[in-house]
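Single-structure report; data block below.
The values are calculated or read from the model by the stated rules, or taken from the named source; none is laboratory data. In this text, all values refer to a predicted model and were calculated from it rather than measured experimentally. Heads up, the Cβs are rebuilt from the backbone with ideal geometry, glycines too, and the neighbour counts pull from every protein chain shown.
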Amino acid sequence: MKKWKANSWRNYPVKHIPEYKDEDELNLVLNKLKNFPPLVFAGETRHLKDQLANVVDGKAFLLQGGDCAESFAEFNPDNIRDYFKLMLQMSLVLTYSASLPVVKLGRIAGQFSKPRSAPTEKQGDVELPSYLGDNINGMEFTEAARVPDPKRLFRAYSQSASTLNLIRAFSNGGFADLKKVHLWNLGYIKSAAQAKKFKELEDKIADALAFMEACGITSDFNRRLYTVNFWTSHEALHLPFEETMTRIDSTTGEYHDTSAHFVWIGDRTRQIDGGHVEFCRGIENPIGIKCGPTSKPEEIAKICELINPKNDKGKITLISRFGHDQVEKYLPKLIRGIKKEGLNVIWSCDPMHGNTIKSTTGFKTRPFNNVLNEVKNVFGVHQSEGSYAGGLHIEMTGQNVTECTGGAQKISDTDLSSRYHTQCDPRLNANQALELAFLISDEIKKNTLYAKNGIRAAS
């Protein structure tokens with residue numbers, strides 16, 4: 001195997017890398033960023049990998065969620081707080097349902113760049129380069145805004161650092177107190193269409209917390225009840241930036257991409273002979289690989305072996321994104337191919353990207369029922385194939401947006417225009433995301449029990 005360097009990806013074909021008019025200016029920006037502090041640290045990355053190893057063994061569940069693409073304009077501490085709060089709420093529901101710890105992984109603090117299906121977009125008679133993410137160009141439909149600007153990388157770094165700082169404060173400063181998180185759910189429970197079902201689960205959680213308190217197990221004396229581990233992730237798309245954020249760990253000599261704890265390769269950039277796979281094979285971060293209808297099991301297996309030659313647990317997460325009506329066609333073959341090679345992977349479900357449609361009013365949207373059905377179908381296939389569906393990967397926001405139709409709020413096509421704020425793809429709003437957690441809680445429980453029985457039988 002060829003020797004790896006942080007810049008060896010430059011010797012391979014790459015897709016979805018922006019073309020800058022002034023390469024000298026880009027290099028100047030990148031050289032300055034090389035001297036900026038890391039956003040995350042090697043020890044944190046190793047800790048996440050250990051937690052993800054538990055997911056592989058069916059001893060934990062992975063919840064990964066956040067913005068489709070982070071925005072400079074919507075950068076606000078209240079928005080970060082509401083998003084973090086939602087992740088904790090969902091985690092509480094899933095933890096109780098599965099009786100397993102939930103690894104909390106955000107699409108945040110670096111999820112800016114987006115691959116696009118077309119290099120240009122047209123409005124009327126005007127055709128301009130596509131919007132590629134706030135760290136590359138502007139969303140405004142003007143010729144000036146759509147020119148890639150290297151200086152945007154400085155602002156993206158600054159926003160990521162500030163976001164991480166606030167999340168670390170929330171994670172360790174008492175905001176994540178388990179009892180507080182439990183109480184946050186109550187407002188949603190009262191207004192939900194499935195109020196009775198949700199209230200039953202909520203009451204069980206309340207009883208469990210009350211029992212713990214009666215036994216003297218409270219956040220006053222147990223740090224684990226008021227702190228959480230929260231990790232960050234984004235698509236490793238903008239390779240020049242990822243390269244400059246790749247640093248050598250002084251304690252081990254290993255390379256870590258310090259832009260995030262976890263990075264993934266997208267469905268459009270996972271070419272086995274491409275630069276994105278080459279870059280990811282040399283860093284120690286846990287790596288996600290998106291798998292869509294075009295995925296061939298043998299190719300995915302080869303990518304796994306390239307990136308994880310030691311077959312370490314927690315290193316690879318396969319994120320399936322087929323569409324609710326395509327799961328049974330593609331997922332079984334992929335599972336069998338990976339099992340045949342004996343590869344240790346986390347199986348996570350992305351029910352968002354395969355279910356994107358155009359509404360009657362012209363907006364991109366995702367019907368809530370299709371999202372829900374993909375999750376249920378994925379869990380069902382894994383049970384049939386004797387594997388563990390250990391993760392959920394969703395695009396969501398803590399804000400009251402109207403971007404995905406359906407759910408208990410009964411958002412219609414005509415409602416989309418009222419609060420459609422996404423930078424790119426439609427997201428579940430706070431109520432829809434929490435509703436999804438409640439509605440799949442039984443599936444999570446069945447899936448977990450099945451996995452535990454399977455592991456016991458195997459041992």
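Being part of a helix (DSSP H, G or I) and charged (D, E, K, R) is the filter; apply it to segment 359-378 and report the residue that is nearest to the chain's Cα centre (by Cα). Can you show your working first?
Of segment 359-378, the ones part of a helix (DSSP H, G or I) are 368-378.
Keeping just the survivors that are charged (D, E, K, R) gives 374, 376.
Numbers: E374: 17, K376: 19 Å.
Per the criteria, the residue is E374.
Taking the condition of being out of contact with any strand residue (DSSP E or B) (no Cβ under 8 Å at 6 or more places or on another chain), in contact (Cβ under 8 Å) with a residue 60 or more places away in the chain and either of a type in the set (F, W, Y) or outside any loop (DSSP other than H, G, I, E, B) (or both), how many residues in segment 409-442 meet it? Talk me through it step by step, then tell me what you get.
Step one: of segment 409-442, the residues out of contact with any strand residue (DSSP E or B) (no Cβ under 8 Å at 6 or more places or on another chain) are 409-412, 414-415, 417-424, 431, 434-435, 437-439, 441-442.
Applying the additional criterion that residues be in contact (Cβ under 8 Å) with a residue 60 or more places away in the chain yields 421-424, 431, 434-435, 437-439, 441-442.
If we keep only those that are either of a type in the set (F, W, Y) or outside any loop (DSSP other than H, G, I, E, B) (or both) too, we end up with 431, 434-435, 437-439, 441-442.
Qualifying residue count for the region: 8.
When you scan segment 130-150, do you find a residue that is in a loop (DSSP other than H, G, I, E, B), surrounded by fewer than 15 Cβ atoms within 10 Å (Cβ to Cβ) and aromatic (F, W, Y), even just one?
The answer is yes, given that some residue of segment 130-150 is in a loop (DSSP other than H, G, I, E, B), surrounded by fewer than 15 Cβ atoms within 10 Å (Cβ to Cβ) and aromatic (F, W, Y).
What do you reckon, is G406 touching a helix residue (DSSP H, G or I) at 6+ places or on another chain (Cβ under 7 Å), within 20 Å of K85 (Cβ to Cβ) and in contact (Cβ under 8 Å) with a residue 24 or more places away in the chain?
Values: touching a helix residue (DSSP H, G or I) at 6+ places or on another chain (Cβ under 7 Å): yes; within 20 Å of K85 (Cβ to Cβ): no; in contact (Cβ under 8 Å) with a residue 24 or more places away in the chain: yes.
Considered against the rule, which asks whether it is touching a helix residue (DSSP H, G or I) at 6+ places or on another chain (Cβ under 7 Å), within 20 Å of K85 (Cβ to Cβ) and in contact (Cβ under 8 Å) with a residue 24 or more places away in the chain, G406 comes out as no.
Has segment 325-337 got any residue that is out of contact with any Leu (no Cβ under 6 Å at 6 or more places or on another chain), within 18 Å of D442 (Cα to Cα), assigned to a helix (DSSP H, G or I) and among the aromatic types (F, W, Y)?
Kept after step one, since they are out of contact with any Leu (no Cβ under 6 Å at 6 or more places or on another chain), are these residues of segment 325-337: 325-337.
Cutting the leftovers down to within 18 Å of D442 (Cα to Cα) gives us none.
So far as segment 325-337 goes, no, none of its residues is out of contact with any Leu (no Cβ under 6 Å at 6 or more places or on another chain), within 18 Å of D442 (Cα to Cα), assigned to a helix (DSSP H, G or I) and among the aromatic types (F, W, Y).
Any idea how many residues of segment 233-279 are assigned to a loop (DSSP other than H, G, I, E, B) and without any contact (Cβ under 8 Å) to a residue 24 or more places away in the chain? Spell out the reasoning first.
Just the residues of segment 233-279 that are assigned to a loop (DSSP other than H, G, I, E, B), to begin with: 236-238, 245, 249-254, 258-261, 266-274.
With the extra rule that they be without any contact (Cβ under 8 Å) to a residue 24 or more places away in the chain, the set shrinks to 250, 253.
Going through segment 233-279 one residue at a time, the tally reaches 2.
Here are some conditions: (1) at pLDDT below 90; (2) β-branched (V, I, T); (3) crowded, with 18+ Cβ neighbours inside 10 Å. T402 meets all but one. Which one does it not meet?
Tallying (1) at pLDDT below 90; (2) β-branched (V, I, T); (3) crowded, with 18+ Cβ neighbours inside 10 Å, T402 fails exactly one: (1).
Can you work out which of the residues in segment 338-358 that are charged (D, E, K, R) and part of a loop (DSSP other than H, G, I, E, B) is farthest from N370 (Cα to Cα)? Reasoning before the result, please.
Of the residues in segment 338-358, the ones charged (D, E, K, R) are 339-341, 350, 358.
Now drop any that are not part of a loop (DSSP other than H, G, I, E, B), which leaves 341, 350.
Values: E341: 32, D350: 12 Å.
It comes out as E341.
When both residues are 6+ apart or on different chains and their Cβ atoms are under 8 Å apart, which pairs have a first residue that lies in segment 140-160 and is on the phi > 0 side of the Ramachandran plot, and a second that is surrounded by 19 or more Cβ atoms within 10 Å (Cβ to Cβ) and in a loop (DSSP other than H, G, I, E, B)?
Hits for this filter: zero, empty list.
Looking at (1) surrounded by fewer than 17 Cβ atoms within 10 Å (Cβ to Cβ); (2) part of a helix (DSSP H, G or I), which is the only condition F36 fails?
(2)
Going by the conditions given, is P77 touching a Leu at 6+ places or on another chain (Cβ under 9 Å), on the phi < 0 side of the Ramachandran plot and surrounded by fewer than 20 Cβ atoms within 10 Å (Cβ to Cβ)? Before you say what the answer is, go through the steps one by one.
On the way: touching a Leu at 6+ places or on another chain (Cβ under 9 Å): yes; on the phi < 0 side of the Ramachandran plot: yes; surrounded by fewer than 20 Cβ atoms within 10 Å (Cβ to Cβ): yes.
Criteria met by P77.
Collect the residues in segment 421-435 that are surrounded by fewer than 23 Cβ atoms within 10 Å (Cβ to Cβ) and closer than 18 Å to H353 by Cβ, keeping them in residue-number order. Let's see the steps before the verdict.
At the first step, the residues of segment 421-435 found to be surrounded by fewer than 23 Cβ atoms within 10 Å (Cβ to Cβ) are 421-425, 430-431.
Correct list: T422, Q423, C424, D425.
For T120, are the conditions met, namely being touching a strand residue (DSSP E or B) at 6+ places or on another chain (Cβ under 9 Å) and at pLDDT below 95? If you could, list the steps in order and put the result at the bottom.
Numbers: touching a strand residue (DSSP E or B) at 6+ places or on another chain (Cβ under 9 Å): yes; at pLDDT below 95: yes.
Criteria met by T120.
Could you please let me know if W264 is within 30 Å of P148 (Cα to Cα), among the aromatic types (F, W, Y) and in contact with a helix residue (DSSP H, G or I) (Cβ under 6 Å, 6 or more places away or on another chain)?
On the way: within 30 Å of P148 (Cα to Cα): yes; among the aromatic types (F, W, Y): yes; in contact with a helix residue (DSSP H, G or I) (Cβ under 6 Å, 6 or more places away or on another chain): no.
So W264 fails the test.
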